[in-house]
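We did not get these values from a lab; they are worked out from the coordinates using the rules stated. Because the structure is predicted, anything quoted here is derived from the model rather than measured. Cβ: placed from backbone, ideal geometry, glycine included. Neighbour counts: every protein chain shown.
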Amino acid sequence: MSLMKKISLEILYSFFCIMIVYGFEASASNNKEIRTDAYIKAIENKLYSYKNKNGFFPKTDSGLKIIFENPKNPKQYSLPLDEWGNEYIYYYPAKFGNKEFDLYSYGKNGINDYGLKDDITNWSGFNTQYYSEINGIILSILLFFLVIIGWILRKNKK
């Protein structure tokens, strides 16, 4: 086997390994979105319980602190963080969504996209199209390189 074929096969093998690792990483990333979406629903339930008990939702300034404060010591509270370590965003009344209040996570990029792009919201969940587009672009690039390697291998056969 020629040196060029060996190098091409090594590169091909490397790309297959990258695709496998990327597949696992993308799956783990989607799990973060799913867990964050589920936690938003849980916080949403706490907000509705608060409204049922008090007759109103907490204002934006008091935010989520009120529903997570320790009843024995109101100054002590622990705000939940999303899967990327950021606080959830809460607005009452709603500014962006079609519900009574907005509750969302900045998502993977950690940037406030106001409910768009990769943000995970209580009014639309997480944007599966956004994550699918990114995964599709990366897989397309890998596929492109695999085609080039295949072309190199065929050229060396002649």
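Rank by packing, highest mean first: peptides 113-123, 59-69, 82-92, with packing defined as the count of other Cβ atoms within 10 Å averaged across residues.
My ranking of the peptides, most packed first, is 113-123, 82-92, 59-69.
By how many nm would the segment from Ile148 to Arg35 grow when fully extended, if each residue of separation counts as 0.36 nm and the alpha-carbon distance is taken off? Could the numbers behind the result be given before it?
Values: separation 113, 0.36 × 113 = 40.68 nm, distance 3.84 nm.
Residue separation times 0.36 nm, minus the Cα-Cα distance, leaves 36.8 nm.
In this model, which of Lys41/Lys108; Lys41/Lys99; Lys32/Lys95; Lys46/Lys72; Lys72/Lys99 are farther than 20 Å apart at the alpha-carbon?
Values: Lys41/Lys108 18 Å; Lys41/Lys99 13 Å; Lys32/Lys95 25 Å; Lys46/Lys72 18 Å; Lys72/Lys99 32 Å.
From the list (Lys41/Lys108; Lys41/Lys99; Lys32/Lys95; Lys46/Lys72; Lys72/Lys99), the Cα-Cα distance tops 20 Å for Lys32/Lys95; Lys72/Lys99.
By the scheme Lys and Arg +1, Asp and Glu -1, what is the net charge of all other residues having a beta-carbon under 9 Å from that of Ala94? Write out the running numbers ahead of the final one.
Values: positive: Lys95, Lys99; negative: Glu100, Asp102.
So the surrounding residues net to 0.
For Lys53, what is the net charge nearby, where nearby means another residue's Cβ is under 14 Å from its Cβ and Lys, Arg count +1, Asp, Glu -1? Working shown, then result.
Working: positive: Lys46, Lys51; negative: Glu69.
Net charge around Lys53: +1.
Under 11 Å from the Cβ of Ile120, count the other residues' Cβ atoms, weight Lys and Arg +1, Asp and Glu -1, and hand me the total. Working shown, then result.
Working: positive: Lys32, Arg35, Lys41, Lys108, Lys117; negative: Glu33, Asp37, Asp82, Glu83, Asp113, Asp118, Asp119.
It works out to a net charge of -2.
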